[in-house]
1. If you project the alpha carbons of region 128-216 onto their three principal axes, what span does each projection cover, largest first, in Å?
2. Counting only other residues whose beta carbon sits under 12 Å from that of Pro198, what net charge do I get with K and R as +1, D and E as -1?
3. Output wanted: per-residue J couplings in Hz (rounded whole) for region 140-152, from phi through Karplus 6.51 cos²θ - 1.76 cosθ + 1.60, θ = phi - 60°, x for Gly and Pro.
4. What residues qualify as long-range amide H neighbours of Asp201, i.e. H under 5 Å apart, gap of 5 or more or another chain, H built at 1.01 Å from N?
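Coordinate-derived values only; no laboratory data. None of the values given here were measured: they were computed from a predicted structure. For neighbour counting, all protein chains shown are included, and Cβ atoms are generated from backbone atoms with ideal geometry for every residue, glycine included.
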Amino acid sequence: MFDQRFLKITLAVLLFHVGLLYLIQSGLGRKLTEAVISPEIVARIIPLEPPKQEAPPEPPKPTPKQETPPKQVKVTTPKPTPPQPKPTPQPVASLPPTPNAPEAPPAPPAPPAPAAEPAPAPVSAAPRAVGIGEIQCTPPQPKYPSQSRRMGETGKAVVRLTTDESGKVVKTSVVSSSGSSRLDQAAVEAVQSMRCKPYMDNGRAVAVTAQQPIGFELN
């Protein structure tokens with residue numbers, strides 16, 4: 001039994017070697033060796049994907065303006081006023097005429113119109129200008145102001161005077177100044193104290209105006 005087992009193993013080894021030699025001679029063994037020793041390396045190139053670009057943010061949408069609706073104006077139409085009824089005229093009772101009525105007396109005659117009064121004499125618009133010698137006035141007596149005397153003020157003032165129908169001096173004014181207000185005032189006071197005679201024009205006294213010079217000198 002031992003011999004058969006050994007024989008089988010020997011026979012199997014021989015067959016293996018015979019098959020191996022056949023493979024070597026036929027080239028199949030070389031191919032199998034290359035297939036086992038140098039496996040085929042397959043390289044695959046994977047293309048890179050481009051980076052994704054982020055989309056820009058969308059601009060904010062404008063908020064629509066709310067339109068204010070126009071105000072509604074109520075139009076009120078005035079109601080027509082109904083015409084008021086016209087009052088019905090009432091009949092007026094007529095009185096019967098009174099028998100034997102007395103007649104009205106006749107109107108008295110109009111009195112005669114009064115006689116027209118004579119028109120007043122026209123008043124002259126401005127007094128007549130005459131010379132100072134024509135109205136025969138008293139000489140003026142001016143008083144020299146003491147302050148003007150101390151300050152050495154001198155000068156000559158011309159004063160216009162107006163007399164009424166009685167010859168009284170009723171208005172004065174300085175026509176030409178002496179250069180000093182004190183001397184001018186003293187000249188006016190001297191003219192106001194003068195007395196003149198009425199100026200007669202065709203037998204009638206009238207108001208006139210004249211000019212009186214007053215001099216102030218220190219001796």
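1. 50, 18, 18
2. With Lys, Arg at +1 and Asp, Glu at -1, the neighbours total 0.
3. x, 10, x, 9, 6, x, 5, 5, 5, 5, 5, 7, x
4. Placed amide hydrogens put Val206 under 5 Å from Asp201.
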